[in-house]
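**Q** One structure coming up, written as structure tokens, with questions to follow.
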Amino acid sequence: MKRVIVGLSGGVDSSVAAYLLKKQGYEVIGLFMKNWHDDSVTISNECPWLDDSNDAMLVAEKLGIPFQTVDLSKQYKERIVDYMFNEYEKGRTPNPDVLCNREIKFDVFLKIALELGADYVATGHYCRKGIIESSGKEIYQLLAGVDNNKDQSYFLCQLSQEQLSKALFPIGELTKPEVRDIANDIGLVTADKKDSQGLCFIGKVRLPDFLQQQLKPREGLIVEISKEQEIYNQIVPAFTSEIEKLAYLSRKIDYKANDGKVVGKHQGAHYFTKGQRKGLAVGGTVDPLFVIDTDVEQNIIYTGQGKEHPGLLKKALFVNNDELHWIREDLALKVNEKLDVKARIRYRQPLQKAILYKVDSGLYVEFEDYQSAITEGQFVAWYSNDELLGSGVIS
């Protein structure tokens, strides 16, 4: 009997995952990860870890499986929270959920599970694992979940072959309503529990409060850039190569304060992210204002009216070599190779047609259509059919 350790989070998805594995004849152990102690920044009643660990314990009791709690808050602070502060300080927008899967669930947690004699770890993610043979070697695939509305493969876009080899995703073939039905049928306490929102394991966080723990408020200017600004109406140069064109399409516009007009003040450029609409507190515009760029050095937020503002739209992005990751290492592109894919730059975004171009220093992703708010620090993930092949941090 193979032993599986399930990350029981106190939610319905991991509860049903544990039940299905037990039904399939695995020896199942439930482990709850405690990753956070500071209630001062969480909107407490939204996702207190105490309630979650109690729910996880009740589920384990109901299923008749052993249960324990592990405290990973030290590793979580070092690998996720400190990384987040660091990225925001640089003016980038991190994705802690992607990091949390790579660094905590499938690294720290996986190592604990293996020490407990586990053959696999399992989570309640809506995605699937495939195994194919290539030249006598097993290759693991990360496949989208069957439920299009809930597919969570994007959050696992940084996993390695080694991590996937030890992973099981028991609910990947099910839809969310089917998962809830199973939980109801067997009388699990989590059957009708709302999905947790917000940071992986921390719950709903007041992000400015959270960031203010480390990043001090600093008053600065909000500058509005007009759609008619000449930056957007320059003649496109003639390109001598594909790479030159891609460098131009993915370039970052260098805004200056005198490119627009001052429309308000803010408490710190590092609290804002590209595409953000809430929190600017500037009224009186015909269309709502969106953040089109932030300058953390000068502490200026650049904004534009309407979600079709040219400052928000781009057709290409770049990923540096050191932030480029292939799940399917056997399919990694060599310099000057290209590949037709479908890609997304955020969770839940419908997949977009794109072409990958490998160059010496990294990888360009060129989209067929304009993309809104391509944001440095976020992850781009690319797929072939329903298989996630690789990902990278947008630079």
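**Q** Which of (1) more than 28 Å from Glu78 (Cα to Cα); (2) of a type outside the set (Asp, Glu); (3) at pLDDT 95 or above is the odd one out, the single condition Gly136 does not satisfy?
**A** Of the numbered conditions (1) more than 28 Å from Glu78 (Cα to Cα); (2) of a type outside the set (Asp, Glu); (3) at pLDDT 95 or above, the odd one out for Gly136 is (3).
**Q** Output the number of residues of region 308-360 satisfying the condition of being on the phi > 0 side of the Ramachandran plot and part of a strand (DSSP E or B).
**A** 0
**Q** Also: Which residues, counting only those in region 214-270, are part of a loop (DSSP other than H, G, I, E, B) and small (Gly, Ala, Ser)? Before the answer, list the steps.
**A** In the first step, residues of region 214-270 are kept if they are part of a loop (DSSP other than H, G, I, E, B); the result is 214-219, 225-229, 234-241, 250-256, 260, 267-268.
Listed by number, the residues that qualify are Ser226, Ala238, Ser241, Ser250, Gly260, Gly268.
**Q** Here's another thing I want to ask about it. For Ser9, only one of the following conditions fails: (1) at pLDDT 95 or above; (2) among the small types (Gly, Ala, Ser); (3) assigned to a loop (DSSP other than H, G, I, E, B). What is its number?
**A** The one condition Ser9 does not meet is (1).
**Q** Select from region 57-71 the residues that are over 17 Å from Met33 (Cα atoms) and either under 28 Å from the mean Cα position of the chain (by Cα) or part of a loop (DSSP other than H, G, I, E, B) (or both) and list them in ascending order.
**A** Within region 57-71, Gly64 is the sole residue that qualifies.
**Q** When region 135-181 is examined, which residues are found to be among the polar types (S, T, N, Q), part of a loop (DSSP other than H, G, I, E, B) and under 18 Å from Arg344 (Cβ atoms)? So that I can check it myself, show each step before the final result.
**A** Initially, region 135-181 is screened for residues among the polar types (S, T, N, Q), giving 135, 141, 148-149, 152-153, 158, 160-161, 163, 165, 175.
Okay, now just the ones that are also part of a loop (DSSP other than H, G, I, E, B), so 135, 148-149, 152, 158, 160, 175.
Result: Asn148, Asn149, Gln152, Gln158.
**Q** Filter region 72-81 for residues that are modelled with pLDDT under 90 and either surrounded by fewer than 19 Cβ atoms within 10 Å (Cβ to Cβ) or not in a helix (DSSP H, G or I) (or both) and give the result.
**A** Answer for region 72-81, where residues must be modelled with pLDDT under 90 and either surrounded by fewer than 19 Cβ atoms within 10 Å (Cβ to Cβ) or not in a helix (DSSP H, G or I) (or both): Ser73, Lys77.
**Q** Quick check: is even one residue across region 274-284 surrounded by 12 or more Cβ atoms within 10 Å (Cβ to Cβ), in a helix (DSSP H, G or I) and in contact (Cβ under 8 Å) with a residue 40 or more places away in the chain? Quick ask: steps written out before the conclusion?
**A** Of the residues in region 274-284, the ones surrounded by 12 or more Cβ atoms within 10 Å (Cβ to Cβ) are 274-276, 279-280, 282.
After this cut, where a residue has to be in a helix (DSSP H, G or I) as well, the list is none.
No, that holds for no residue.
**Q** Could you check Leu388 against (1) closer than 26 Å to Gly260 by Cβ; (2) crowded, with 18+ Cβ neighbours inside 10 Å; (3) among the aliphatic types (A, V, I, L, M) and say which number it fails?
**A** Answer for Leu388: the failing condition is (1).
**Q** Within region 361-370, count every residue that is surrounded by fewer than 17 Cβ atoms within 10 Å (Cβ to Cβ), in a strand (DSSP E or B) and either touching a Phe, Trp or Tyr at 6+ places or on another chain (Cβ under 9 Å) or in contact (Cβ under 8 Å) with a residue 60 or more places away in the chain (or both).
**A** Going through region 361-370 one residue at a time, the tally reaches 1.
**Q** While we're on this one: Which ones in region 204-244 are under 18 Å from Leu280 (Cβ atoms), at pLDDT 95 or above and surrounded by 14 or more Cβ atoms within 10 Å (Cβ to Cβ)?
**A** The answer is Gly220, Leu221, Ile222, Val223, Glu224, Ile225, Ser226, Lys227.
**Q** Got a number for residues in region 124-142 being buried (at least 19 other Cβ atoms within 10 Å of the Cβ) and over 15 Å from Ser14 (Cα atoms)?
**A** Number of matching residues: 2.
**Q** Among the candidates Asp151, Asp147, single out the residue that is acidic (Asp, Glu), closer than 16 Å to Gly11 by Cβ and at pLDDT 95 or above.
**A** Unique residue meeting the criteria: Asp147.
**Q** Which is crowded, with 18+ Cβ neighbours inside 10 Å and of a type in the set (Asp, Glu), of Asp287, Asp293?
**A** Asp293
**Q** Let me ask another. Buried (at least 19 other Cβ atoms within 10 Å of the Cβ) and more than 24 Å from Glu89 (Cβ to Cβ): is that true of Ala373 in this structure?
**A** No, not satisfied.
**Q** Taking into account only those residues within region 12-42 that are at pLDDT 90 or above and hydroxyl-bearing (Ser, Thr, Tyr), which is nearest to the chain's Cα centre (by Cα)?
**A** Ser14
**Q** So Leu142 fits all but one of (1) within 22 Å of Met33 (Cα to Cα); (2) of a type in the set (A, V, I, L, M); (3) under 17 Å from the mean Cα position of the chain (by Cα); what number is the exception?
**A** (1)
**Q** When you go through (1) within 18 Å of the chain's Cα centre (by Cα); (2) assigned to a loop (DSSP other than H, G, I, E, B); (3) under 23 Å from Lys111 (Cα atoms); (4) at pLDDT 95 or above one by one for Phe201, which number turns out not to apply?
**A** Unmet condition: (4).
**Q** Give me the pairs, please: first residue somewhere in region 308-319 and more than 10 Å from Ile374 (Cα to Cα) and at pLDDT 95 or above, second residue anywhere and in a helix (DSSP H, G or I) and not small (Gly, Ala, Ser), beta-carbon distance under 6 Å, and either six or more positions apart or on two chains.
**A** Qualifying pairs under 6 Å: Pro310/Tyr232.
The values are calculated or read from the model by the stated rules, or taken from the named source; none is laboratory data. Treat the numbers as computed from the prediction; the structure is a model and nothing was measured. Backbone-built Cβ (ideal geometry, glycine too); neighbour counts: all protein chains shown.
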